[in-house]
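Here, each number is a calculation from the coordinates, and none is a lab measurement. Bear in mind that the values here come from a model prediction, so they are computed numbers and not experimental data. Note: ideal-geometry Cβ built from the backbone for every residue, glycine included; neighbour counts use all protein chains shown.
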Amino acid sequence: MPLPIIPVPVFPNVPNAPGVPQLVRTGLAGFYTPTPTLGPSVQAPLFNGSQQPPVWGVFDPNSNLAVIQPDAVFAFDNRNEWKVSDFPVQNGQFATYNKVIIPFEISVRFVKTGTLSTRQQFLKQISDIAGNTNTYNIVTPEVTYLSCNITRYEVTRRDNKDAFALWEVDIYFRQIVQVAAQYSTTQVLGADTTNAQNPAAVPSVNQGVTQSVVPPAAASAAATNAIAGAPL
């Protein structure tokens, strides 16, 4: 039995919808619409953004200069944590819970290649800022993390292929929350020092009556002998 002949349309019946390529269609699929284009106000920011490389690094907040000069960034981790208490907080009840934010932690894996002196200088840059108490800004393309201090760094070299490259230099940071010290003075109840010679002086406080005690005879004799034999 011969197979029936199936007619093939001259144009494919492809709908004219977003995401569908512009093809020659049948008259039932609608009219041709030109591909939408972006205006100049949108094209310029997109082009400029594609021409500028993303910024990564550790910067001094005062000078906005990078404090270390790596060749590349291989990994970045940011940890944000909150502590929620699950024990009695007030009045011995469990109805109140406290949620406290913990300073965030960041780890960045840098890579440095080049000559021996270049790699030595790179490690020196890290050691110079690792031991101090200064804070630095960690810049990423999306977020800048402020007020960070180094807690430790690790250098990993896995085989002899790393003879001319520091493939893994992990630097760990922790946020430093800076607060201003607050001081207060406490006034002793019942004491008025406004008319005193020194208003800041603290008056004496009565701690109670102390009863006199007669020392033992042996202690009195030892004291008398020590005084009698002491040089004039």
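For R79, what is the net charge nearby, where nearby means another residue's Cβ is under 12 Å from its Cβ and Lys, Arg count +1, Asp, Glu -1? After counting each charged neighbour, the total is -2. Stretching the chain fully between R157 and L3 yields a gain of 48.4 nm (0.36 nm per residue, less the alpha carbon separation).
Using the Cβ-Cβ distance between S85 and T144 with R0 set to 22 Å, the FRET efficiency works out to roughly 0.10. Extending 7 Å from Cα along the Cβ direction at S220 and again at A17 yields two label points whose distance is 11.5 nm.
Full extension of the chain segment joining N64 with L123 gains 19.2 nm, where the gain is 0.36 nm per residue of separation less the Cα-Cα distance.
Size check on the stretch 57-175: the Cα extents along the three principal axes, sorted descending, read 65, 36, 28 Å.
Could you work out the relative contact order of the stretch 57-175? I mean the mean sequence separation of Cα pairs under 8 Å and 6+ apart, divided by the number of residues, in percent.
28 percent
On full extension, the segment bounded by A181 and A228 gains 11.2 nm, given 0.36 nm per residue less the C-alpha separation.
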